[in-house]
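The values are calculated or read from the model by the stated rules, or taken from the named source; none is laboratory data. Just so it is clear, the structure is predicted and the values come from calculations on it, not from any experiment. Here the Cβ is made from the backbone with ideal geometry for all residues, glycine too, and neighbour counts use every protein chain on show.
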């Protein structure tokens, strides 16, 4: 599918061939026309020669290839470039001198740069632009996996080795750079001429931001960036048209009828709702029919698109859960992992992505559309099929079961929370309770911490409560950098990042340098158990191999030496403190909040208990390099 769309954008195939390809992929004729119109070329009026340079959205630019690139980004509405420089990139930054509309945000490691762009894109809904050194590309690729799996629009650009040196085995040169990005991008481009730089930049941005969105890669040889040329630069409105695809009317009516008549329906929700800004519509549909809603579980999700305090929310999706029991109609909205078959249930899936729908598990009905429009159409159909009194009767009966189940779960959480108050050390659950008390309701919480079963259930997410942002594949080292991008996207909202100590070692403390330089008021929390705690639990409890039988943790203990993250933060210009007493968490959070209000980042190194099988052991394979010496040098 991505090759088909890319060929059409690059004018490699006709509209007719695009329509045939979309039909073969399962699109209805109406949906295929909508896609073709959205991906269509510049409107004829704007493309007329007389409109060039007259304020109609197209202007002629003369300058270096770097200037063409920068001016095209400006015309596309780009506000920030996240970067780490190299010599070949100089034309980019020479051009930036005269483009004050774009702010350069520097990172000091390529992975952090990509994660900042990713965090910005998730919260702003705009393309995140990252520019990194050509030879440092593999560093940036680690974090690009998060963008790829989560459908985040990121443009990653490098100044490639010049056309006169390519393929000659120079010290930092390597072949096949562009195809190397193929598995983790929607597509990649190599600029072939200086005059085509603006054009290929437009195509890359359009491809990244066209749903289903995702990262793209652009490689521009540095000698082309230095050349003086003239080319057209287009405003974003002329090449980026939102794809607002409505579902087939007959499918809408079928789904509406199934949801009304179901004996025990269930809605599962996923990140596609967040990408489509359809949270309110999904709440309306669930409440209209009293349908229980289950969220994502395990890996594979990065947002919480349904309010967790809503009485219809029943927690993470578990196929064999005792509640709601035997489901007869399963409506999956935007979740790539919850299409799995429920015995006896009719499964409907609504996705933006035609490739992802029914990719792994069979479904009875797949609807490819804009989720916000699709759910709104189903709501209208439901209201047209049944009277308000009948709908209320249906909703009340279904919701009563969900309320009863949630009351029991809330009682259990309250019991756990009361017991936690007597603990002298900090458990993950206690930390969740304390953070829920300390954080403002409009906080953006950026998590790189495997806490879905421990901390997270004690905090309220979605709706009028906190915004939860994480990553589906959980590539470590993301959150501290991504929170910087998130703060740029939402400067008036409190931002808190939470990383495990392992993740903080992967990705930090480099992002703290950027936070200090740009006065980004973020509260950075390191959830520190000096261990890859969840990995050890999986290795010992699930695999239960020789390590478990011998009682020897060969890989997961991170102590000896114990890292002092607070001192490390101070070396990068960020205030920090260590917290080990649960009674002191609120005071520490108040100091962090005060620093944020005054415009400064802050770090809390919170020492939490290790939990699970073998958690208390600090054994690790002993070895001393010093002891191997035959002479002391």
Conditions first: (1) touching a strand residue (DSSP E or B) at 6+ places or on another chain (Cβ under 9 Å); (2) modelled with pLDDT of 95 or more; (3) crowded, with 16+ Cβ neighbours inside 10 Å. Residue 104 passes all but one, so which condition is the exception? (3)
State yes or no: is residue 254 out of contact with any helix residue (DSSP H, G or I) (no Cβ under 7 Å at 6 or more places or on another chain), under 21 Å from residue 122 (Cβ atoms) and not in a loop (DSSP other than H, G, I, E, B)? no
Considering only strands (runs of 3 or more DSSP E) wholly within region 467-582, the ones with at least 1 residues that are under 19 Å from residue 109 (Cβ atoms) are 495-500, 522-528
Given the conditions (1) in contact with a helix residue (DSSP H, G or I) (Cβ under 9 Å, 6 or more places away or on another chain); (2) surrounded by 14 or more Cβ atoms within 10 Å (Cβ to Cβ); (3) not assigned by TED's automatic domain parsing to the domain that holds residue 558, report the number of the one that residue 620 does not fulfil. (1)
Could you please find all residues in region 548-562 being surrounded by fewer than 18 Cβ atoms within 10 Å (Cβ to Cβ) and touching a residue at least 24 places away in the same chain (Cβ under 8 Å)? 548, 551, 552, 554, 559, 560, 562
How many of the residues making up region 316-344 are at pLDDT below 90 and more than 21 Å from the chain's Cα centre (by Cα)? 14
Given the residues 503, 541, 474, which is the only one that is in contact with a strand residue (DSSP E or B) (Cβ under 6 Å, 6 or more places away or on another chain) and outside the structural domain of residue 307 (by TED's automatic domain parsing)? 503
For residue 99, state whether it is surrounded by fewer than 18 Cβ atoms within 10 Å (Cβ to Cβ), in contact with a helix residue (DSSP H, G or I) (Cβ under 7 Å, 6 or more places away or on another chain) and not assigned by TED's automatic domain parsing to the domain that holds residue 505. yes
Looking at region 340-368, which of its residues are buried (at least 18 other Cβ atoms within 10 Å of the Cβ) and in contact with a helix residue (DSSP H, G or I) (Cβ under 7 Å, 6 or more places away or on another chain)? 348, 350, 351, 352, 367, 368
Could you check how many residues of region 257-267 are part of a loop (DSSP other than H, G, I, E, B) and touching a helix residue (DSSP H, G or I) at 6+ places or on another chain (Cβ under 9 Å)? 2
Only one of (1) surrounded by 21 or more Cβ atoms within 10 Å (Cβ to Cβ); (2) not assigned by TED's automatic domain parsing to the domain that holds residue 132 is not met by residue 225, so which one is it? (2)
Residue under question is residue 211, and the condition is that it be crowded, with 16+ Cβ neighbours inside 10 Å, assigned by TED's automatic domain parsing to the domain that holds residue 111 and at negative phi; does it hold? yes
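Condition check ((1) modelled with pLDDT under 90; (2) under 20 Å from the mean Cα position of the chain (by Cα)) across all residues:
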position	(1), (2)
416	yes, no
439	no, no
450	yes, yes
467	no, yes
501	no, no
505	no, no
Could we say that residue 454 is in a loop (DSSP other than H, G, I, E, B) and over 14 Å from residue 119 (Cα atoms) here? yes
Can you work out which of the residues in region 279-297 that are over 16 Å from residue 405 (Cβ atoms) and in contact with a strand residue (DSSP E or B) (Cβ under 8 Å, 6 or more places away or on another chain) is surrounded by the fewest Cβ atoms within 10 Å (Cβ to Cβ)? 297
